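These notes concern the structure reproduced below.
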Amino acid sequence: MQTITEKPPAAASQSPAHEVEVEVEETMSGISAAEFSSAFRHYPGGVAVVTAQSPLGPVALTVTSVVSVSAEPPLLAFSIGHRASTAPGIRAAESYVIHFLGSEQLDLAQLCATSGVDRFADRGLWARLPTGEPYFPSAPARIVGKRIDQLDTESASLILVLAQDAHITPEADFAPPLVHHNRAWHRLGEHSHLN
């Protein structure tokens, strides 16, 4: 049995997590977690790094789950598995910097995807925004936003972010995007253009 928690509207202002329980029997889905994961390995995803200043200190993780929810208001979402070493810090943070990576930031993507390492050990890689969040200046584009909602399941959280600021470098239009597909890193470019 799997449970998704959602908070009733009256309590929503007290905490970003939903608390209304929805029970899903595992037999209802028809596929195992392994089959589900295997199917998603064949779905390519753009690579981003999410950073935050949490009560536990600065945190960062690599994600391929960033999605644009709407342009008006400017909303995006990303998910994080609860087993990720940075999950407690990310889930406790109130604001985030979402960095969209190009292929030249592969080292950064790998750093922030490696469990148990200090992602902020090299002070030359990162800085702080005036609002305190850590960020990586090498990313071609980034969005800063605050968490406005969070949906928690037994194994992961979906975090909804209201974008408040964006920074796009002049080189962003020429930076080949970094993509993750079937457990491997890829670069998009003219060679992958179909039309």
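Does PRO134 meet the test of being surrounded by fewer than 16 Cβ atoms within 10 Å (Cβ to Cβ) and farther than 21 Å from PRO44 by Cβ? No: the conditions fail for PRO134.
Entry remark, segment 104-125: residues being in contact with a helix residue (DSSP H, G or I) (Cβ under 9 Å, 6 or more places away or on another chain) and within 12 Å of LEU61 (Cβ to Cβ) number 2 in total. Of the residues LEU158, LEU125, the single one that is hydrophobic (A, V, I, L, M, F, W, C) and assigned to a loop (DSSP other than H, G, I, E, B) is LEU125. If you go through segment 90-108 and keep only what is closer than 20 Å to GLY145 by Cα and surrounded by 20 or more Cβ atoms within 10 Å (Cβ to Cβ), you end up with ILE90, ARG91, ALA93, TYR96, VAL97, ILE98, HIS99, PHE100, LEU101.
Residues considered: ARG119, ARG142. Of these, the only one that is of a type in the set (Lys, Arg) and part of a loop (DSSP other than H, G, I, E, B) is ARG119. Candidates in segment 109-120 are the residues that are among the small types (Gly, Ala, Ser) and modelled with pLDDT under 95; of these, the one that is surrounded by the most Cβ atoms within 10 Å (Cβ to Cβ) is SER115.
Restricting segment 68-84 to residues that are in a loop (DSSP other than H, G, I, E, B) and touching a residue at least 12 places away in the same chain (Cβ under 8 Å), the residue that is farthest from SER155 (Cα to Cα) is PRO73. Filtered by the rule that a residue be closer than 19 Å to GLY145 by Cβ and modelled with pLDDT of 90 or more, segment 10-58 gives GLY46, VAL47, ALA48, VAL49, VAL50, THR51, ALA52, GLN53, SER54, PRO55, PRO58.
When THR153, THR131, THR114 are screened for being of a type in the set (S, T, N, Q), in contact (Cβ under 8 Å) with a residue 40 or more places away in the chain and either in contact with a strand residue (DSSP E or B) (Cβ under 8 Å, 6 or more places away or on another chain) or under 16 Å from ILE80 (Cβ atoms) (or both), only THR153 passes. Tell me which residues, restricted to segment 139-163, are of a type in the set (S, T, N, Q) and modelled with pLDDT of 95 or more. Of everything in segment 139-163, those that are of a type in the set (S, T, N, Q) and modelled with pLDDT of 95 or more turn out to be GLN150, SER157.
On inspection, PRO88 fails the criterion of being part of a loop (DSSP other than H, G, I, E, B) and of a type outside the set (D, E, K, R). Only one of the listed residues (ARG123, ARG183) is exposed (fewer than 15 other Cβ atoms within 10 Å of the Cβ) and within 18 Å of the chain's Cα centre (by Cα). That residue is ARG183.
Residues in segment 47-94 that are under 12 Å from the mean Cα position of the chain (by Cα) and not aliphatic (A, V, I, L, M): THR51, THR62, THR64, SER65, SER68, PHE78, SER79, GLY81, THR86, ARG91.
The values are calculated or read from the model by the stated rules, or taken from the named source; none is laboratory data. Being a predicted model, the structure only gives us computed values, none of them experimental. Every residue, glycine among them, receives a Cβ derived from its backbone with ideal geometry; neighbour counts consider all protein chains shown.
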